[in-house]
Each structure stands twice: as structure tokens, then as C-alpha cells.
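Here's the structure we're looking at; comments come further down.
The values are calculated or read from the model by the stated rules, or taken from the named source; none is laboratory data. Just so it is clear, the model here is predicted, and its values are computed rather than measured. When we count neighbours, we look across all protein chains shown, and the Cβ atoms used for this are built from the backbone with ideal geometry, even at glycine. The accessibility values were calculated without ligands, DNA or RNA, using every heavy atom of the protein model including side chains. Shrake-Rupley method; radii C 1.70, N 1.55, O 1.52, S 1.80 Å.
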Amino acid sequence: MTTELRDVPAPAKINLFLHVVGRRPDGYHLLQTAFRFIDLQDTLHFRARSDGRIVRVYDLPGVPEGADLVVRAARALQHATGCGQGAEIGLEKRIPAGGGLGGGSSDAATVLLALNRLWGTGLSRRELMRLALPLGADVPVFVFGRNAFAEGVGEELTAIDLPPRWYVVVQPDASVPTADVFRAPELTRDTPRVKIADFPRGTFECPYGNDLEAVVFARFSEVGRISAVLAQALDGAKVRMSGSGACLFVECDTQARADGAVDKIAATMQGQPSGLPALRVNLACAGLDAHPLLDWAA
């Protein structure tokens, strides 16, 4: 019987576009977006316990255990299945926090998939997705396991096939609290809906935008300033924001072009005035065809 799972991946995502198309009476926003997984990943480790305790064996500054999505996901699976087992969970963070790349949501989804296997609780993918949604709107897509066109609050998912692409991912020296962005009175909440059939999954650049950008650029000026610098450094390339930011990305058709763009950005930043915000992240990532744990649930 397996008692341990090590080096279990939790990939980041980017939003190729993000529209806010309405708001429910309970305050949740209705969205349309396209998720793509990228090969920037956190790594988790699990060891089963017989005493039912969920134990973090990592430090996550500023996040108490009760608020940690990793712990909440494990407890949700215990509660839903009546499982008496516990787990020690280790986490190696590589996905930047406050960047709109879904790191916490991805970690939570990996916990559900991994502990479902380790504990032998036997839930289906759909059952795990139902547990995922109360944890956060982005958690279900990571359990779903496919690049997806998403609607509703993010839980209505349709798998999409996307062409090979590389992404230059940049995070200014800023973290953006998602809740503050969605609470902003100036946020556009009535963008016309698009049809999945109209989503240009085979073209190089998505013509749709991110409705959260205007709010983020106004309230976190460093994000908007870095976006302008990137566009200048990359000869007018389309710079987009993922989720609620602060991460920005540029799509490339080859790894060589992505790597070249990373170098251009680094050189441009060195030549900028000292008052410009620094970069926390500047790297090239491949787009994934599917989540690495796609076959861990049926």
C-alpha cells in the first residue's frame, strides 16, 4: 500500500482573456475566460498519517493554517468521504503569489487529486470538482485537467485544444489582491458575451482583453508602467495581464523567441530610470497541452 507521494506537480495558469459579463445576486461575478496551463510549477509532497491530522511541513509566511488552501482542500476531502487518514504535506513554491497565475488554486487541486489517490477515497473527477469550487473559482479547472474555455464563476468548463506556444511571464514588484479588484466600483461588469465557437484557439494572438486590467493599472500603477516598458522593449508586442495580475505575459511561437524576449526585457530594465519598479519574475514558460495529473482522476 502506498503511503507516500513525492514530487507531485501543481502547474500555473494564464488567462488568455478574461471578461466580466455579469454579477449574480449573491455578489459573485460571472466570467468568460480561457485558461492555459504553463510549465511553471509548484511541487507538493505527501505522507499518509493514521491519526487524521493534516500537518503542514512548510512555511507560508502570512498565511495561517486555517486559511491555507492546501489544508482546506485536504480537510474538505476528509469531510466529504469520512476518511480517517491524515497527511503531512510539503510544498515547494515557485509560482509567485499575488500574480494571477493561480498558484494557490493549483496547489489545492493537486491536494485533492493526490490525497484521493493516497487515501484511496475513490472520488471521480466530477466529484472532486464539486469539492474544488467552494475553495475558489480557479480550483475546478486544475482538477478538470484540460486547457479550457470557462463560464459562470469559472466552473462551467469546456476543453479546448491550443497550438504550441511559449509565454514570457513577467511580474512587477507588486502583488494584487484579487478581492479588491472585483470590489472596485469602476470595474466593467457588462462585457458582451463571446461564443466558444468564436474563440480563436488556432490563431497567434487572442483579440479579446482582460476587463480587470484597467482597474489594476489605475490602482497599481507599477503594473501599467511595466506593461508599457515591455511593449516598448518587444517592438509593440501585445502585452496581456493574467487574471487579476500582477503578472503580465507575451505569447511567442517558439522557445527561441521567448528566450530572446526575456533577454531584451532584462536589458531594457537595466537601462531604465531608477524610479521604475523592479521585476520579481522574468522568464519563459511553455504552454502545456494538459495538466500533468490529467490521468489521476476519471
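Any residue in the stretch 240-249 that is free of Cβ contacts under 8 Å to residues at least 60 places away in the same chain and out of contact with any Gly (no Cβ under 8 Å at 6 or more places or on another chain)?
First, the residues of the stretch 240-249 that are free of Cβ contacts under 8 Å to residues at least 60 places away in the same chain: none.
Within the stretch 240-249, none of the residues are free of Cβ contacts under 8 Å to residues at least 60 places away in the same chain and out of contact with any Gly (no Cβ under 8 Å at 6 or more places or on another chain).
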Original post:
Looking at the stretch 81-93, is at least one residue without any contact (Cβ under 8 Å) to a residue 12 or more places away in the chain, loosely packed, with under 15 Cβ neighbours inside 10 Å, in a helix (DSSP H, G or I) and not β-branched (Val, Ile, Thr)?
Top reply: no
Original post:
What residue, of Gly271, Gly245, is at pLDDT below 95, open to solvent by 60 Å² or more (accessible area, probe 1.4 Å) and not hydroxyl-bearing (Ser, Thr, Tyr)?
Top reply: Gly271
Subject >> Within the stretch 102-148, tally of residues that are farther than 14 Å from Arg72 by Cα and part of a loop (DSSP other than H, G, I, E, B) >> reply: 11
Subject >> Subset of the stretch 227-274 (residues that are within 20 Å of the chain's Cα centre (by Cα) and among the polar types (S, T, N, Q)) >> reply: Ser227, Ser242, Ser244
Original post:
So which residues in the stretch 248-268 are open to solvent by less than 50 Å² (accessible area, probe 1.4 Å) and not small (Gly, Ala, Ser), if there are any at all?
Top reply: Leu248, Phe249, Val250, Glu251, Cys252, Val262, Ile265, Thr268
**OP:** Scan the stretch 146-188 for residues that are free of Cβ contacts under 8 Å to residues at least 24 places away in the same chain, closer than 17 Å to Ala246 by Cα and either within 17 Å of the chain's Cα centre (by Cα) or open to solvent by less than 50 Å² (accessible area, probe 1.4 Å) (or both) and jot them down.
**Re:** Ala179
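Would you call Gly52 part of a loop (DSSP other than H, G, I, E, B), over 13 Å from the mean Cα position of the chain (by Cα) and modelled with pLDDT of 95 or more? Full working, then the answer.
Values: part of a loop (DSSP other than H, G, I, E, B): yes; over 13 Å from the mean Cα position of the chain (by Cα): yes; modelled with pLDDT of 95 or more: yes.
It is true that Gly52 is part of a loop (DSSP other than H, G, I, E, B), over 13 Å from the mean Cα position of the chain (by Cα) and modelled with pLDDT of 95 or more.
Each row is one residue, and each column tells you yes or no for (1) farther than 16 Å from Ser175 by Cβ; (2) touching a Leu at 6+ places or on another chain (Cβ under 7 Å); (3) modelled with pLDDT of 95 or more; (4) not small (Gly, Ala, Ser).
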residue	(1), (2), (3), (4)
Val70	yes, yes, yes, yes
Ala73	yes, yes, yes, no
Ala76	yes, yes, yes, no
Gly98	no, no, no, no
Gly103	no, no, yes, no
Ala109	yes, no, yes, no
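For every residue, the table says whether it meets (1) in contact (Cβ under 8 Å) with a residue 12 or more places away in the chain; (2) closer than 13 Å to Val170 by Cβ; (3) in contact with a Pro (Cβ under 9 Å, 6 or more places away or on another chain); (4) outside any helix (DSSP H, G or I).
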site	(1), (2), (3), (4)
Val215	yes, no, no, no
Asp259	yes, no, no, no
Ala266	yes, yes, no, no
Met269	yes, yes, no, no
Gly275	no, no, no, yes
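Being open to solvent by 20 Å² or more (accessible area, probe 1.4 Å) and either more than 28 Å from His79 (Cα to Cα) or assigned to a strand (DSSP E or B) (or both) is the filter here, so list the residues in the stretch 1-20 that pass it. Step through it out loud before you land on a result.
Initially, the stretch 1-20 is screened for residues open to solvent by 20 Å² or more (accessible area, probe 1.4 Å), giving 1-7, 9.
Residues satisfying the conditions are Glu4, Leu5, Arg6, Asp7, Pro9.
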Original post:
Would the stretch 192-204 turn up any residue that is over 29 Å from Asp289 (Cβ atoms) and in contact (Cβ under 8 Å) with a residue 40 or more places away in the chain?
Top reply: yes
**OP:** Quickly run through the stretch 55-68 and pick out the residues that are within 20 Å of Gly84 (Cα to Cα), among the charged types (D, E, K, R) and at pLDDT below 95.
**Re:** Glu65
**OP:** Run Val143 past the list (1) open to solvent by 40 Å² or more (accessible area, probe 1.4 Å); (2) farther than 30 Å from Val229 by Cα and report the number of the one that doesn't hold.
**Re:** (1)
